[in-house]
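The values are calculated or read from the model by the stated rules, or taken from the named source; none is laboratory data. Note that the coordinates shown come from a computational prediction; the quantities given were computed from them, not determined experimentally. Because the Cβ atoms are built from the backbone with ideal geometry, glycine has one as well, and the counts that use them run over all protein chains shown. Quick note on the areas: whole protein, heavy atoms, side chains included, nothing else; ligands and nucleic acids left out. Shrake-Rupley method; radii C 1.70, N 1.55, O 1.52, S 1.80 Å.
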Amino acid sequence: MEERTNPLLGTVVAGSVEKGVDIRLDAHASVEDMVVGRYVTIEGKKRRFFGMITDIRLGVTDEDISMSPPDASDPFMVEVLDGTATYGALHVLPMLTIGGDVASIIEGPQPVKTVPSHFSRVSLASEQDMELVFGKEDSQRFWIGNPLDMETKLCLNLEELVKRSNGIFGKSGTGKTFLTRLLLIGMLQKSRATNLIFDMHNEYGWEGSSESAGRKVKALKQLFPEKVAVFTLDEENSRRRGVSTDFTVRIGFDEIEPEDIAFLRQTLNLTEAATEAVYQLRRRFGRDWIQKSLDLADADETRDILQSMNIHESSFQNLRRGLATIRRLPFIVSKAPVDAVKTILEYLDRGMNVVLEFGRHMDITAYMLVANMLAHRIYRRYQEKTEASMAGNVAPPKPLVITIEEAHKFLNREVASLTIFGTIAREMRKYNVTLLVIDQRPSAIDEEVMSQLGTKITCLLDNEKDIDSVLAGISGKNELKTVLARLAPKQQALIFGHAVPMPVPIRTREWGTEASYKEFARGLDVRQQAEKDIKELFD
Amino acid sequence: MLKDKLGEVIESSTTGFTAECYELYSLPPFGSLVKTADPPVEIYGVVCQAGTSSIEPGRRPIARGKDEESEAEIYSANPQLWKLLRSEFRVLVIGHKQDGTVYHYLPPKPARIHAFVNLCSPEEVKQFSRSFDFLDLLMNAGPQVPVEELVSATLRQMSTAQEDQRSFLVAAGKELTALLGGEFTRLKAILTRLK
Ligand SMILES: Nc1ncnc2c1ncn2[C@@H]1O[C@H](COP(=O)(O)OP(=O)(O)O)[C@@H](O)[C@H]1O
Ligand SMILES: [Mg+2]
């Protein structure tokens, strides 16, 4: 085994596979230097264990000491007792084993199935250990942050990551947006996937802002103009913010289908009967059903029509109010001059990443309507293309990642089955489309959807229900709860799931300084260099 | 070596011996390390009890200084006192040495009567106290000896032979903590006497 670079911390004294191991700290190791969330290696007799500190405790060998503690001003007494009668103890959750058996020599670190034996020695994981487990920054691995208190770069394999839907969680102001921006940059640098981002607060396309630094920070298009297009629903607002937009999205009334309204039932305050009526009206009036329904005059004739469809007058009024709310949205026109879906698809086909800004239309109705409508139609195209590719020799579409915020609005128990997003989350990447969901209230998201998310990145959460829903089904849940609860209120996150061999708390990579932008440009060079190298190799 | 001899063994057993001083009152300090030889074995022990009394067990000394100016004058006026009184000390055996190796457990045989008893030199103390394994024997000194006093006195005595007195005492304290697990009050009693 490789040489140890870190000093010994202590000794394993008890443990179980289920609950983790207890480690007694050596007298020279101060509890105050230990941090929940740090990694340690345990040198077992046959293999090396890799685990995370999940709790730190003060122990006494004799209850009398806690009962009548010695005078703290007596340094001699304190020095004698330190590490003998009073000691520090760690609780460590072993997560991986390295070396020892054939499998881990061939396949790298393996999940733990046992515990290290008594008195195995424990030390902090070294930078090399971390690299061995998480891998180095390379053409597929993207540096997302650093493990707590370490210099090592924590890298995610993005090609792997985008194979499933993923989630970013955390309460407001903890760094979700910054993390998402980083991840998006990572994807456009280091994966083959293209992105479609429903950007509710105009933070991803051109520029966002940093509360703590009190200034603007660059977003995708400023750094990667050749790879990112900004679409807007509010051209005027975008122009005022100095954003160079590529396309203005208009939604035609005639494009809205009954399902789009049914899904907005809660937000539009529609009754059950009113929602039913939508389908009947569509059947009766065809494509222009909304316009025609709104045009119905308050006359006997109207009442007859409604009666013939079994629609109650009050239900109809309820529906009209809802439809009027939609009509008032400025980007809704009776007929869209250019088909937005088609345009987005053209860009995506060219490998461009599309950010759709909502401008001033930040209300949830507009966001839900547009995101659901566009995603639905785009998804259908991907479905067709994938099926075509399976049937014949057409290339399958490039993987697409759709980013949505306020995800619980789309994926709560009541509507998850109605929206396209619920379908995408459940179908995994059957049609080469996956989601990146961002939310501050994960407990409101349907459990089934949550369980389908491949990798979860969560910033600080303080609501018990939210914590439970994010950590549901993961082994060592209680221990990880402690780690999650101890994250800093900003710029720290816990990553776990498919894309990492074991859960890891990180400090998110810095974003917003000139130096940070330069680092990212360098990342691009690596990819380009790799592509160039490959080309040279085969040409 | 002969010059340093304190006295000789007058009573002996496996766990300890009693020695009489050649000079009245020339007792070694409580807790000091002494040795006696039973070639090829050297027996080490600490002074755990000391006293001066009449030679004849039945006869007790009487007060004599009523008309004297000072205590010294009592002795010069009654020179027979030097012969009628004797100083003795009791030694608890805590180890032995054979062929240059120190063992912190009891020797195979007790000391012989009339064997000379010497105070150990600082070098010998240092060699002997390289390990604290003798603490176990000290702690079991028995009911006649105040153990906390004896342990602390011994360690204080030994510390004077060390280059770094403080770290010696800290290390000894840690050893005691392990030995006295669950007996924090006793531990505290010893530790407060170590300074
Ligand atoms: N990676 C980061 N680099 C620099 N600043 C950050 C980072 N993450 C978070 N911050 C700071 O924290 C603030 C809140 O982050 P933000 O992503 O807007 O939170 P959320 O989207 O969860 O509400 C930002 O305005 C910024 O000042
Ligand atoms: Mg945000």
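Numbers below:
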{"item": "Accessible surface of the range A:158-234 [probe 1.4 Å, protein heavy atoms]: carbon and sulfur percent", "result": "44 percent"}
{"item": "Accessible area (Å², 1.4 Å probe, nearest 10) - A:Lys227", "result": "70 Å²"}
{"item": "Student exercise, the range B:5-192 dipole from Lys, Arg, Asp, Glu Cβ charges, in Debye to nearest 20", "result": "280 debye"}
{"item": "Segments A:63-70, B:91-98 sorted - mean Cβ within 10 Å per residue, highest first", "result": "B:91-98, A:63-70"}
{"item": "Interchain or long-range residues, amide H under 5 Å from A:Leu9's placed H", "result": "A:Val122, A:Ser123, A:Leu124"}
{"item": "Accessible surface of the range A:253-327, 1.4 Å probe, proportion on carbon and sulfur as whole %", "result": "43 percent"}
{"item": "Rounded percent of accessible protein surface that carbon and sulfur make up, the range B:5-192, 1.4 Å probe", "result": "52 percent"}
{"item": "Per-residue ³J(HN,Hα) for the range B:132-139, Karplus 6.51 cos²θ - 1.76 cosθ + 1.60, θ = phi - 60°, Hz, x for Gly and Pro", "result": "9, 4, 6, 4, 4, 5, 4, 5"}
{"item": "Residue mean of other protein chain beta carbons inside 10 Å, A:54-66", "result": "2"}
{"item": "Dipole-positive endmost among A:Ser172, A:His201, A:Gly108 within chain A (Cβ charges, Cα centre)", "result": "A:His201"}
{"item": "Reachable lysines, given that their alpha-carbon falls under 27 Å from the alpha-carbon of A:Lys481 and they are not under 8 places away in the same chain", "result": "A:Lys19, A:Lys113, A:Lys153, A:Lys163, A:Lys171, A:Lys176, A:Lys409, A:Lys456, A:Lys465, A:Lys490"}
{"item": "Charge context of B:Ser152, other residues only, Cβ under 14 angstrom, K/R +1, D/E -1", "result": "+2"}
{"item": "Solvent-accessible area per residue for the range A:253-327 (1.4 angstrom probe, square angstrom)", "result": "52 Å²"}
{"item": "Taking chain A and dividing mean pair separation by its residue count, relative contact order in percent (alpha carbons under 8 Å, at least six apart)", "result": "18 percent"}
{"item": "Area buried, chain B against chain A - accessible surface, total, 1.4 angstrom probe, square angstrom", "result": "1300 Å²"}
{"item": "For A:Phe142, residues with placed amide H under 5 Å, excluding near neighbours", "result": "A:Leu156, A:Asn157, A:Leu158"}
{"item": "For the range A:136-188: rounded, prolate or oblate by the Cα gyration tensor [a/c cutoff 1.5]", "result": "oblate"}
{"item": "Charge context of B:Gly65, other residues only, Cβ under 14 angstrom, K/R +1, D/E -1", "result": "-3"}
{"item": "Solvent exposure of the range B:5-192 as accessible area per residue, Å², 1.4 Å probe", "result": "52 Å²"}
{"item": "Shielding score for B:47-56, defined as the mean number of other chain Cβ atoms within 10 Å", "result": "0"}
{"item": "Whole-Å distance, taken between Cα centres, linking the range A:201-225 and the range A:129-146", "result": "25 Å"}
{"item": "Peptides ranked, highest mean first, by Cβ atoms within 10 Å: ranges A:194-207, A:461-474", "result": "A:194-207, A:461-474"}
{"item": "For the range A:1-95, accessible area per residue (1.4 Å probe, heavy atoms of protein chains only), Å²", "result": "49 Å²"}
{"item": "Among A:Pro147, A:Ser293, A:Leu161 - extreme Cα towards positive end, dipole of chain A, charges at beta-carbon", "result": "A:Ser293"}
{"item": "Separation of alpha-carbon centers, the range A:25-102 and the range B:3-49, rounded to whole Å", "result": "46 Å"}
{"item": "Ordering of A:148-157, A:268-277, B:106-115 by packing [mean C-beta count within 10 Å, highest first]", "result": "A:148-157, A:268-277, B:106-115"}
{"item": "Cut-off 12 Å between beta-carbons: net charge of the residues surrounding A:Ile326, Lys and Arg +1, Asp and Glu -1", "result": "+1"}
{"item": "Lys, Arg +1 and Asp, Glu -1 on Cβ, resulting dipole of the protein assembly as shown about Cα centre, debye, nearest 20", "result": "1700 debye"}
